[in-house]
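Q: Just dropping this structure here.
The values are calculated or read from the model by the stated rules, or taken from the named source; none is laboratory data. These numbers come from a predicted model, not from an experiment. Every residue, glycine among them, receives a Cβ derived from its backbone with ideal geometry; neighbour counts consider all protein chains shown. In case anyone asks, the SASA skips ligands and DNA or RNA and just uses the protein heavy atoms, side chains included. Shrake-Rupley method; radii C 1.70, N 1.55, O 1.52, S 1.80 Å.
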Amino acid sequence: MSIFKRAILYITRKKVKSIIMLLILFGMATAVLSGISIKKATNLTKQDLSSQIANKFEVKANLGTNFDGTVPESLINKILNVNGIKSYDGMIQGAGLDFKELDYVEPKKSTIQYKDERYNNLFSVEGHVSTELDTKFVSKSLKLVEGRHIVSTDNGKVLIHKSLAEKNNLKVGDILKATKSTLDYKATSISKNEYELEIVGIFESENTERAGHKLEMPENLLITDVDTIKTLYGYSDGNVKYTNATFNTDTDVDKVTSKFKDIPADWNKYTIVKSEDTFLALSKSFDSLDKIINMVL
């Protein structure tokens with residue numbers, strides 16, 4: 001009797017045992033294939049993120065010596081003249097616009113309550129030169145899912161969160177109307193009172209349960225162009241005060257930043273942070289996950 005015939009007879013005579021062994025082997029194979037797939041996806045994500053952050057650095061205020069907490073446009077222009085700088089994103093953080101026609105996305109757990117009714121229409125607003133280079137989008141904590149990014153030539157444009165768009169039945173191309181808020185001291189008397197912002201893009205964020213006030217939620221964040229915030233805060237050309245600026249280089253970051261000593265500025269007032277340092281914790285998370293998968297395999 002051949003070995004193949006013996007095997008067939010064994011399987012058919014021990015049906016229950018054969019089915020149990022089949023299920024065990026199927027489960028093991030599924031687990032191994034799943035582990036390999038997760039490992040491959042993790043490595044691809046890590047490589048993609050590393051390629052995006054390798055040549056980036058951020059300049060921000062050193063709050064210990066810079067009590068204004070801003071980076072002047074004059075300094076940014078000097079940095080842009082350094083060889084190796086390819087592009088940049090300047091960001092202005094504020095909350096100087098009221099959107100009376102917008103309904104908030106409510107937090108699941110609210111720990112902060114404001115009695116002042118003026119906060120009901122106030123939204124967090126950020127002005128950007130180029131949102132594609134913004135740290136939140138580079139790190140994938142925010143992801144553009146519809147439309148386009150804010151660019152340097154924009155004026156009167158805005159990005160909104162997908163949840164906020166769905167709650168208010170908004171889409172790309174719609175117009176948001178806003179008025180200057182009396183709560184933001186940086187909105188000067190010469191600022192324009194009324195604003196119309198066209199939605200050019202919709203983004204989404206990581207699904208995490210957030211507590212706190214609705215102004216702290218990314219779902220209620222509005223990202224607009226720098227020109228809109230310049231108008232709101234009465235900044236003239238060349239005198240813009242940025243919260244921080246992110247630069248993209250075409251060479252090694254250390255080589256570029258080493259040339260900053262030739263720029264006449266009080267560097268004690270500013271901090272230079274490489275993106276590699278910013279995302280060090282994220283990189284370690286990838287390494288830990290990779291080790292766990294290897295142990296499972």
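Q: Quick one: Glu166 ticks every box in (1) assigned to a helix (DSSP H, G or I); (2) touching a helix residue (DSSP H, G or I) at 6+ places or on another chain (Cβ under 9 Å); (3) at pLDDT 90 or above; (4) open to solvent by 10 Å² or more (accessible area, probe 1.4 Å) except a single one, so which number is it?
A: Here Glu166 clears every test but (2).
Q: Please tell me if Lys136 is surrounded by 14 or more Cβ atoms within 10 Å (Cβ to Cβ), at pLDDT below 90 and at positive phi.
A: Answer is no for this residue.
Q: Also: Please go through the stretch 241-258 and pick out each residue that is surrounded by 14 or more Cβ atoms within 10 Å (Cβ to Cβ) and part of a helix (DSSP H, G or I).
A: Result: Val253, Val256, Thr257.
Q: Of the residues in the stretch 259-297, how many are part of a helix (DSSP H, G or I) and either surrounded by 11 or more Cβ atoms within 10 Å (Cβ to Cβ) or at pLDDT below 75 (or both)?
A: Looking only at that region, the number is 22.
Q: Right, another one. Any residue at all in the stretch 169-186 that's of a type outside the set (D, E, K, R), open to solvent by 20 Å² or more (accessible area, probe 1.4 Å), modelled with pLDDT under 85 and under 27 Å from Thr65 (Cα atoms)?
A: Yes, because at least one residue in the stretch 169-186 is of a type outside the set (D, E, K, R), open to solvent by 20 Å² or more (accessible area, probe 1.4 Å), modelled with pLDDT under 85 and under 27 Å from Thr65 (Cα atoms).
Q: Tell me the helices (runs of 4 or more DSSP H) entirely within the stretch 1-106 that contain at least 1 residues that are surrounded by 11 or more Cβ atoms within 10 Å (Cβ to Cβ) and modelled with pLDDT of 80 or more.
A: It comes to 15-53, 73-80.
Q: Just name the residue that is farthest from the chain's Cα centre (by Cα) out of those in the stretch 187-209 that are modelled with pLDDT of 70 or more, exposed (fewer than 12 other Cβ atoms within 10 Å of the Cβ) and not in a strand (DSSP E or B).
A: Restricting to residues being modelled with pLDDT of 70 or more, exposed (fewer than 12 other Cβ atoms within 10 Å of the Cβ) and not in a strand (DSSP E or B), the top hit is Asn193.
Q: Pick out the one residue from Gly212, Gly234, Gly238 that is of a type in the set (Gly, Ala, Ser), within 21 Å of Thr179 (Cα to Cα) and either open to solvent by 20 Å² or more (accessible area, probe 1.4 Å) or modelled with pLDDT under 85 (or both).
A: Just a single option satisfies the conditions, and that option is Gly234.
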